[in-house]
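Notes follow the structure.
The values are calculated or read from the model by the stated rules, or taken from the named source; none is laboratory data. For clarity, every value in this text was computed on a predicted model and none was experimentally measured. FYI the Cβ positions are ideal-geometry reconstructions off the backbone, even for glycines, and counts take in every protein chain you see. Ligands, DNA and RNA are stripped out before the accessible areas are found, and what is left, the full protein with its side chains, is counted by its heavy atoms. Shrake-Rupley method; radii C 1.70, N 1.55, O 1.52, S 1.80 Å.
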Amino acid sequence: MSRRPHHFILELVLVVLCITLAVLAPGFFSAENALNVLRNISMQGIIALGMTMVIVAGEIDLSVGSAVAFAGCWTAYLTGTFTGTLGWPPAVAVPVAIGLAAITGFLLGSLTGFIRMRFRVPSFITTLALMTGLSGAAELITNGFPLTPFPEWYNALGGGYLAGVPVPALVLLCVFLASSFVMNHTVFGRSVYAVGGNEEAARLSGIPVGRTKTTVLAVTATLAAVAGVLQSSEIMSGTATTAKGWELDIIAAVIIGGTSLSGGSGSVRGTMVGVMFLGVIINGMTLLNVNEYWQHVVRGILILTAVLLNRAHVTQEAFREAAA
Amino acid sequence: MITLELQNISRVFPGTVALQDFSVRWEGGKIHALIGRNGAGKSTLVNILTGALAPTTGTMLLNDTPCTLRSPADARRTGIAAVYQELSLLPDLNVIENILLGRLPVRKGMLPGRIDWKAAERTTRELLARLNISLPLHTPVRHLSVARQQLVEIAKAMASSPGVLLCDEPTSALSHQEARCVFELLRTLADHGALIIYITHRLQEIRTLADTVTALRDGVSTGTVPSAAATPERMVAMMFGEDVRFSRMIDHSPLPTTVLEVRGLTRHSAFSDVSFTLRAGEVIGIAGLMGSGRTELLRSLAGADPPDTGDVVINGRICVPRSPAQMMHCGMVMTPENRKDHGLLTLLSTRANMTLPSLDRLAPHAITNRTREEQVVARMQRELDIALADPEAPVSALSGGNQQKVVLGKWLATDPRVMLLDEPTRGIDIKAKAQMFQTVVRLSREGMGLLVVSSELEELLLLCHRILFMQHGRITGSADAGSMCLETLLARCMESS
Ligand SMILES: Nc1ncnc2c1ncn2[C@@H]1O[C@H](COP(=O)(O)OP(=O)(O)OP(=O)(O)O)[C@@H](O)[C@H]1O
Ligand SMILES: [Mg+2]
């Protein structure tokens with residue numbers, strides 16, 4: 001939680017990367033491209049911020065990718081039902097559908113938390129099950145074909161601009177400000193670090209372990225639903241096959257940002273940098289016309305390098321930790 | 001004969017010189033005590049000798065040849081093993097696996113690499129028999145008490161029959177009876193030629209156990225003397241450069257009001273039918289051997305492991321212990337005996353640790369207030385005399401004794417009415433101990449009720465109004481501490497066990 005010089009290594013790497021790309025890649029250094037990168041990272045970024053809290057709390061959520069697809073399809077399905085069968089005007093149907101999708105996300109996350117605390121089933125298992133389950137549910141809802149019940153103005157959410165900035169990027173900014181406030185300046189945030197660092201010591205210190213873990217899981221599932229809504233608005237349909245594999249990109253961004261998979265340490269600021277780092281790399285390689293297969297290879301290497309850079313300073317401490 | 005020589009060893013941490021120009025020559029066949037106050041640099045020295053830390057400057061000679069150690073595994077190959085200050089066992093593995101970790105015997109034949117569990121069990125049994133320790137071999141160590149875990153730790157270090165054995169406060173969690181078997185063990189090893197370095201804060205152990213005494217003060221050696229010449233006064237002077245005195249400190253009478261009443265408290269297979277009352281301003285000690293249910297009783301009272309039946313009345317209100325948070329709310333808190341696993345969050349800063357249980361009060365509207373937190377840290381640092389360079393650094397960078405003080409401070413900051421202290425002086429130097437006693441006395445004068453569990457019986461005599469005896473999960477009697485001497489207390493503890 002404290003700020004020390006080595007905490008800025010990744011920022012430095014990001015800056016160097018941007019300068020390099022500005023020189024090498026035609027069109028990288030332009031306002032248009034910057035906005036483009038922002039739009040591309042926002043949806044995963046929104047979830048990654050929640051995922052940071054989950055991982056700091058010593059848990060994991062593998063279902064976020066499927067949850068995005070499911071939320072999009074669910075919103076589309078509900079909108080279709082409300083406007084079609086029930087004959088509601090879209091101006092009412094769409095907000096209600098979005099609200100219900102968000103609530104569904106919240107309840108699913110709470111369920112994971114409940115199962116984790118009540119039956120001691122690791123969130124890894126529950127969310128792995130949810131990942132397949134939600135993916136199947138999305139297919140069931142849509143019958144395998146994209147649903148397109150949305151009115152034209154719906155596109156403003158995922159595809160629109162406000163004051164020249166993509167709307168999803170604004171959502172990302174809000175979520176970032178909120179989550180960084182919560183993690184750094186609230187009792188709840190401190191509890192998240194505590195339960196992830198040492199669950200038993202946290203419990204003995206009077207921290208509500210169950211409530212804390214359940215809350216972060218619920219918040220993240222809700223954020224995934226929000227991202228799903230934005231995504232469906234961008235592509236103007238509920239499609240069951242979107243967002244495949246997002247969970248891994250998101251977890252990678254969190255880890256690059258310096259959050260420890262074993263819980264108890266990390267920061268949303270780091271995750272934000274991690275998300276940008278990945279976004280810039282992908283964008284840069286696309287601009288440089290790097291073949292897509294190579295892109296994957298390079299990304300893999302860079303993820304590992306970033307984590308190694310981040311870890312270099314911890315090793316010494318960890319060593320003492322083990323020995324002292 | 002083994003010799004270990006250190007020449008001008010220094011180790012610098014950001015902001016601290018933990019060890020400065022330390023030179024010494026130690027010989028095999030002897031037990032060498034190393035003493036010094038909390039943060040003097042003892043554990044740092046151990047970490048350097050096991051290769052866990054590199055010295056900033058200086059050389060180490062083993063049998064008069066220079067040697068550089070890169071890791072603890074490296075050190076073990078060279079014949080140096082250590083019992084570390086903090087337990088380093090793997091909680092989910094059983095005793096055999098922990099002791100033989102990294103050396104489990106494998107079978108030859110069809111499937112190479114298959115573990116030979118029979119041989120492993122035999123080796124462990126032989127080792128434990130040789131060390132005269134009895135332990136349940138197949139129990140995961142997380143279910144053992146701290147004292148027994150400590151025994152596993154020692155057995156683990158001994159498994160490789162090292163020539164040099166470093167013991168960093170191996171007995172801090174043991175009672176004197178339990179410690180005695182460790183001493184006999186070390187003596188036997190020394191008689192067989194091993195070089196033993198023994199760190200302790202219990203000065204009375206040294207006369208009987210050690211051959212030489214080396215003292216450290218703020219990272220600088222203040223000399224080595226034969227133990228025959230090491231009177232307690234001399235050792236204290238070497239450690240602190242001044243005098244520290246102990247006498248019975250508690251002289252006030254408790255107030256008439258009862259703060260804690262326990263009636264028929266039972267937790268199956270831990271303790272049963274425990275009843276007593278604690279008055280405001282009273283300090284009660286609980287004496288008993290390892291496994292007598294002392295820790296379990298405290299944990300139940302604090303809500304960590306809720307009891308099955310019985311009543312707990314705090315300030316006239318019935319509180320059934322269900323969770324630590326709830327008992328904290330009722331005004332009763334416990335400092336756990338195992339600071340690393342239960343007391344501290346080693347990844348978090350000292351400030352975050354110190355304020356964790358009282359955060360609700362320090363944070364209006366659930367928003368943390370750094371200034372208020374810093375005030376708490378500053379207050380506790382003053383009251384408990386914690387050597388704290390940077391409150392924002394991870395608490396694991398503090399020396400063991402200072403971590404112990406953080407544990408006390410963190411629960412003290414909740415302003416409880418009743419405090420349950422489980423081995424509160426574990427690993428703290430005698431000056432800090434005197435200070436902690438003063439704190440306890442002051443708190444009880446101010447009307448707090450305290451319940452203290454300690455394996456160091458003389459501590460209970462100095463600190464308590466009354467002592468309860470516990471055996472096999474039952475309270476077997478109580479006595480007035482003021483009118484007792486150590487011998488009678490010891491005798492009563494040993495009775496019928
Ligand atoms: N990793 C570290 N980073 C910063 N300072 C450290 C680190 N490790 C140790 N120190 C500092 O070095 C000094 C010596 O610590 P050390 O653990 O050797 O003390 P000690 O003599 O073993 O004390 P104790 O009796 O309390 O166990 C202390 O001031 C401690 O804060
Ligand atoms: Mg130490």
Against the conditions (1) within 11 Å of chain A (Cβ to nearest Cβ); (2) crowded, with 21+ Cβ neighbours inside 10 Å; (3) part of a helix (DSSP H, G or I), where does B:VAL333 fall short? Just the number, please. (3)
Looking only at the stretch B:141-157, decide whether some residue is open to solvent by less than 20 Å² (accessible area, probe 1.4 Å), out of contact with any Leu (no Cβ under 9 Å at 6 or more places or on another chain) and either in the same structural domain as B:ILE31 (by TED's automatic domain parsing) or in a loop (DSSP other than H, G, I, E, B) (or both). no
Single residue of B:THR346, B:THR335 found to be touching a strand residue (DSSP E or B) at 6+ places or on another chain (Cβ under 6 Å) and either closer than 30 Å to B:GLY15 by Cα or of a type outside the set (Gly, Ala, Ser) (or both): B:THR335
Out of curiosity, is B:GLU383 away from ligand 1 (no atom under 16 Å from the Cβ), within 14 Å of chain A (Cβ to nearest Cβ) and open to solvent by 10 Å² or more (accessible area, probe 1.4 Å)? no
Just to be sure I understand, how many residues within the stretch B:386-415 are within 13 Å of chain A (Cβ to nearest Cβ) and within 13 Å of ligand 2 (Cβ to nearest atom)? 8
Considering the stretch B:58-90, residues that are polar (S, T, N, Q) and within 16 Å of ligand 1 (Cβ to nearest atom), and then whichever is most open to solvent (accessible area, probe 1.4 Å), we arrive at B:SER88
When (1) touching a residue at least 12 places away in the same chain (Cβ under 8 Å); (2) closer than 27 Å to B:PRO424 by Cα; (3) not in a helix (DSSP H, G or I) are applied to B:SER134, the one that fails is (1)
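Take the stretch B:396-427 and flag every residue that is among the small types (Gly, Ala, Ser) and outside any helix (DSSP H, G or I). Walk me through it before giving the result.
Initially, the stretch B:396-427 is screened for residues among the small types (Gly, Ala, Ser), giving B:396-397, B:399-401, B:409, B:413, B:427.
Of everything in the stretch B:396-427, those that are among the small types (Gly, Ala, Ser) and outside any helix (DSSP H, G or I) turn out to be B:SER399, B:ALA413, B:GLY427.
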From the options B:VAL440, B:VAL452, residue that is assigned by TED's automatic domain parsing to the domain that holds B:LEU278, closer than 23 Å to B:MET327 by Cα and assigned to a helix (DSSP H, G or I): B:VAL440
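Has the stretch A:77-85 got at least one residue that is exposed (fewer than 14 other Cβ atoms within 10 Å of the Cβ) and at pLDDT below 95? It would help to see each step written out before you state the result.
Start the filter on the stretch A:77-85 by keeping residues that are exposed (fewer than 14 other Cβ atoms within 10 Å of the Cβ), which leaves A:84-85.
Applying the additional criterion that residues be at pLDDT below 95 yields A:84-85.
Yes, there is a match, as at least one residue in the stretch A:77-85 is exposed (fewer than 14 other Cβ atoms within 10 Å of the Cβ) and at pLDDT below 95.
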Would you be able to say whether some residue in the stretch B:392-408 is open to solvent by 10 Å² or more (accessible area, probe 1.4 Å), in contact with an Asp or Glu (Cβ under 6 Å, 6 or more places away or on another chain) and either modelled with pLDDT of 95 or more or within 12 Å of ligand 1 (Cβ to nearest atom) (or both)? yes
When B:GLU205 is evaluated against the numbered criteria (1) part of a strand (DSSP E or B); (2) of a type in the set (Asp, Glu); (3) open to solvent by less than 80 Å² (accessible area, probe 1.4 Å), which criterion, by number, is the only one it fails? (1)
I'd like to check something: does the stretch A:236-251 contain any residue that is more than 9 Å from every other protein chain (Cβ to nearest Cβ), more than 29 Å from A:ALA138 (Cα to Cα) and surrounded by 24 or more Cβ atoms within 10 Å (Cβ to Cβ)? no
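Looking only at the stretch B:21-38, count how many residues are closer than 27 Å to B:GLN435 by Cα and open to solvent by 50 Å² or more (accessible area, probe 1.4 Å). Steps first, answer last, please.
Kept after step one, since they are closer than 27 Å to B:GLN435 by Cα, are these residues of the stretch B:21-38: B:33-38.
Subsequent filtering for residues that are open to solvent by 50 Å² or more (accessible area, probe 1.4 Å) retains B:37.
Total satisfying the criteria: 1.
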Residue check for A:GLY99: surrounded by 17 or more Cβ atoms within 10 Å (Cβ to Cβ) and either within 30 Å of A:GLY238 (Cα to Cα) or within 14 Å of chain B (Cβ to nearest Cβ) (or both): no
Candidates A:LEU157, A:LEU140, filtered to the one that is open to solvent by 40 Å² or more (accessible area, probe 1.4 Å) and free of Cβ contacts under 8 Å to residues at least 40 places away in the same chain: A:LEU140
Select from the stretch B:457-497 the residues that are crowded, with 18+ Cβ neighbours inside 10 Å and either among the acidic types (Asp, Glu) or assigned to a strand (DSSP E or B) (or both) and list them in ascending order. B:GLU459, B:ARG466, B:ILE467, B:LEU468, B:PHE469, B:MET470, B:GLN471, B:ILE475
Every residue in the stretch B:385-395 that is of a type outside the set (Gly, Ala, Ser) and not in a helix (DSSP H, G or I), please. B:ASP385, B:ILE386, B:LEU388, B:ASP390, B:PRO391, B:GLU392, B:PRO394
Quick check on my filter: what residues within the stretch B:370-380 are more than 9 Å from chain A (Cβ to nearest Cβ) and out of contact with any Gly (no Cβ under 7 Å at 6 or more places or on another chain)? B:THR371, B:ARG372, B:GLU373, B:GLU374, B:GLN375, B:VAL376, B:VAL377, B:ALA378, B:ARG379
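For the structure I just gave you, tell me whether B:SER444 is in contact (Cβ under 8 Å) with a residue 40 or more places away in the chain, farther than 24 Å from B:MET290 by Cα and buried (at least 23 other Cβ atoms within 10 Å of the Cβ). First the steps, then the outcome.
Details: in contact (Cβ under 8 Å) with a residue 40 or more places away in the chain: yes; farther than 24 Å from B:MET290 by Cα: yes; buried (at least 23 other Cβ atoms within 10 Å of the Cβ): yes.
Against the criterion (in contact (Cβ under 8 Å) with a residue 40 or more places away in the chain, farther than 24 Å from B:MET290 by Cα and buried (at least 23 other Cβ atoms within 10 Å of the Cβ)), B:SER444 qualifies.
Where in the stretch B:8-64 are there strands (runs of 3 or more DSSP E), lying fully within it, with 1 or more residues that are at pLDDT below 95 and within 15 Å of ligand 2 (Cβ to nearest atom)? Can you show your working first?
On the way: elements: B:16-27, B:31-36, B:57-62.
Those strands (runs of 3 or more DSSP E) span B:16-27, B:31-36.
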Considering each residue of the stretch A:200-230, count those that are within 14 Å of chain B (Cβ to nearest Cβ) and assigned to a helix (DSSP H, G or I), and give that number. 10
What is the one condition in (1) open to solvent by 20 Å² or more (accessible area, probe 1.4 Å); (2) away from every other protein chain (no Cβ under 14 Å); (3) not in a helix (DSSP H, G or I) that B:THR346 does not satisfy? (2)
